[in-house]
Amino acid sequence: MSNKKHITLSVNGKTEEFLAEPRELLIYTLRERLNITGPHIGCETSHCGACTVTIDGKSVKSCTMFAVQAEGAEITTIEGIGGPDDLHPLQEAFKEHHGLQCGYCTPGMITRATKLLEENPNPTEEEIRFGMAGNICRCTGYQNIVKSIQAAATEMNAAKEAAE
Amino acid sequence: MIPAAFEYYRPTDMAGVLSILAEHGDDARVMAGGHSLIPMMKLRMADVPHLIDLQDVGGMSDITVGADSITIGAMVTQHDIIDNAELTAAAPILREAALQIADPQVRYIGTVGGNVANGDPGNDMPGLMQCLNASFTVVGPDGTREVAAREFYEAAYMTAREDDEVLTQVTIPLPAGGYAYEKQKRKIGDYATAAAAVQIVKEGGSCVSASIAMTNLSDTPVYSDAAGAALVGTAVDDAAINAAIAAMLGDIDPTEDNRGPVAFKKHVAGVILRRAIARARSRA
């Protein structure tokens, strides 16, 4: 079936244009078409959250959206959050507090956590666990993931206060 | 997991949606958030040759709290429900239920319309809407009609909506009294092993009206008129709650699956309804 659609979307601030079949899932667009391999394929069944990206201000499992649905959208992946030379406070905190073991879930965890802290800059442990419930860590390192997010929240709030 | 190929449409008005549905019949499906449909397409359990994305249609994303009723557009997401303070003040059971659906990512995208129209017995909103005596607006080639939530569900994935109709809005009479949506699930993101929606109105220590519906305990949601009736006229004491549970158990028809055998599901249904009634009573 040659029914390719012309798709334009913005990923990490860069405009991307391509032709794709409607059945192309966004995670494949990111990883295989655009070589943005931070978002991972974990379960591929909408459960694990390893493929989480931010689309127009919402945390989304990119294995459960067709690229064509995201036409015109602004997408942020872990690559757009921070890099080796300019780590985001969440990335810094995950590193500092052993918030990752194998690291497979980490891009999804951190991408989701940026949105969680945006909506709730001072979450309790319970609120973090509830707000991160769509991300699974197969190493079961939740204790340190929660600790990392708490530490990042403290750091980000202090930086915000200092700037005011 | 790659779904079968399909044609994709993104009409900008309802007339456009209806004309595609008229042309392709049951080969076409409308999609709101897609978080029920896309997983099924990936598993190739749903075959959708013509997929109609509703995101550009417009006019279905509002929540309106009126003097007598609440209207919720079909494209309102679970996240929108959770985030709407006016709605939560008017009908707090909606937020309580929405918080128990799936996980944060899914709640940003998953819609009320998709949840109620899908006809999956595992969805939480259908039982909730039966408890609240909501009605659904469906639009088709012959115009618009209203269908009561309590009349809408016929069997798993079979509803009163025709293939050429689109569910556009949910209308809920303003609820009164105490409420609870109680859900037992194996893990976050799972469907209910059993869930109960309860609204109770008490006057002078006595229950004057009660509404009870159960989720995922039959091939449709189960509105149990008898369970509600067992509470009316009582102080909602233990004897009345036991009678309501017995009545509810007579109305559900669970089947064995990976959430457990029938006897276990009936046991859990009783536990969950007991908790839901107790919480609703404490808030009445």
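The values are calculated or read from the model by the stated rules, or taken from the named source; none is laboratory data. Not measured: the values here are computed from a predicted model. Here the Cβ positions follow ideal geometry from the backbone for every residue, glycine too, while neighbour counts run over all protein chains shown. Calculation scope for accessible area: heavy atoms of the full protein, side chains included, ligands and nucleic acids excluded. Shrake-Rupley method; radii C 1.70, N 1.55, O 1.52, S 1.80 Å.
General remarks:
- Given (1) surrounded by fewer than 23 Cβ atoms within 10 Å (Cβ to Cβ); (2) in contact with a helix residue (DSSP H, G or I) (Cβ under 8 Å, 6 or more places away or on another chain), number of the condition B:M125 does not satisfy: (1)
- Taking the numbered list (1) open to solvent by 80 Å² or more (accessible area, probe 1.4 Å); (2) in contact (Cβ under 8 Å) with a residue 40 or more places away in the chain; (3) within 14 Å of chain B (Cβ to nearest Cβ) in turn, A:R129 passes all entries but (2).
- Residue within segment B:39-48 that is more than 13 Å from chain A (Cβ to nearest Cβ), in contact (Cβ under 8 Å) with a residue 12 or more places away in the chain, open to solvent by less than 30 Å² (accessible area, probe 1.4 Å) and under 23 Å from the mean Cα position of the chain (by Cα) present: no
- Once segment B:56-83 is narrowed to residues that are in contact with a strand residue (DSSP E or B) (Cβ under 7 Å, 6 or more places away or on another chain), part of a loop (DSSP other than H, G, I, E, B) and among the acidic types (D, E), the residue that is surrounded by the fewest Cβ atoms within 10 Å (Cβ to Cβ) is B:D68.
- Qualifying residue in segment A:69-84 (condition: in contact (Cβ under 8 Å) with a residue 60 or more places away in the chain, among the hydroxyl-bearing types (S, T, Y) and in contact with a helix residue (DSSP H, G or I) (Cβ under 7 Å, 6 or more places away or on another chain)): yes
- Count of residues meeting criterion [among the hydroxyl-bearing types (S, T, Y), open to solvent by 40 Å² or more (accessible area, probe 1.4 Å) and under 18 Å from B:N123 (Cα atoms)] in segment B:137-175: 1
- Qualifying residue in segment A:31-46 (condition: touching an Asp or Glu at 6+ places or on another chain (Cβ under 9 Å) and either part of a strand (DSSP E or B) or of a type in the set (V, I, T) (or both)): yes
- Some residue of segment B:152-162 being at negative phi and in a helix (DSSP H, G or I): yes
- Residues in segment A:51-109 that are under 14 Å from A:T37 (Cβ atoms) and in a loop (DSSP other than H, G, I, E, B): A:C51, A:T77, A:G103, A:Y104.
- Considered as a group, the residues in segment A:20-62 that are surrounded by fewer than 17 Cβ atoms within 10 Å (Cβ to Cβ) and more than 13 Å from every other protein chain (Cβ to nearest Cβ) include one that is farthest from B:G110 (Cα to Cα), and that residue is A:N35.
- Unmet criterion (only one of (1) away from every other protein chain (no Cβ under 14 Å); (2) in contact with a His (Cβ under 8 Å, 6 or more places away or on another chain)) for B:M60: (2)
- Within segment A:63-86, the set of residues being over 27 Å from B:H79 (Cα atoms) and either open to solvent by 60 Å² or more (accessible area, probe 1.4 Å) or among the acidic types (D, E) (or both) comprises A:P84, A:D85, A:D86.
- In segment B:84-122, the residues that are part of a loop (DSSP other than H, G, I, E, B) and either open to solvent by 10 Å² or more (accessible area, probe 1.4 Å) or more than 17 Å from B:A194 (Cβ to Cβ) (or both): B:N84, B:A91, B:L99, B:Q100, B:I101, B:A102, B:D103, B:G110, B:N118, B:G119, B:D120, B:P121
- Of the numbered criteria (1) assigned to a loop (DSSP other than H, G, I, E, B); (2) within 14 Å of chain A (Cβ to nearest Cβ); (3) surrounded by 16 or more Cβ atoms within 10 Å (Cβ to Cβ), the one B:K187 fails is (3).
- Residue check, B:Q130 crowded, with 22+ Cβ neighbours inside 10 Å and not in a strand (DSSP E or B): yes
- Residue among B:A284, B:A247, B:A269 that is closer than 18 Å to B:A210 by Cα and modelled with pLDDT under 95: B:A284
- Single match in B:A195, B:A156, B:A180, B:A149 (criterion: more than 30 Å from A:T52 (Cβ to Cβ) and touching a strand residue (DSSP E or B) at 6+ places or on another chain (Cβ under 6 Å)): B:A180
- Search result, residues across segment B:1-38 that are open to solvent by less than 20 Å² (accessible area, probe 1.4 Å), farther than 19 Å from B:D164 by Cβ and of a type in the set (V, I, T): B:I38
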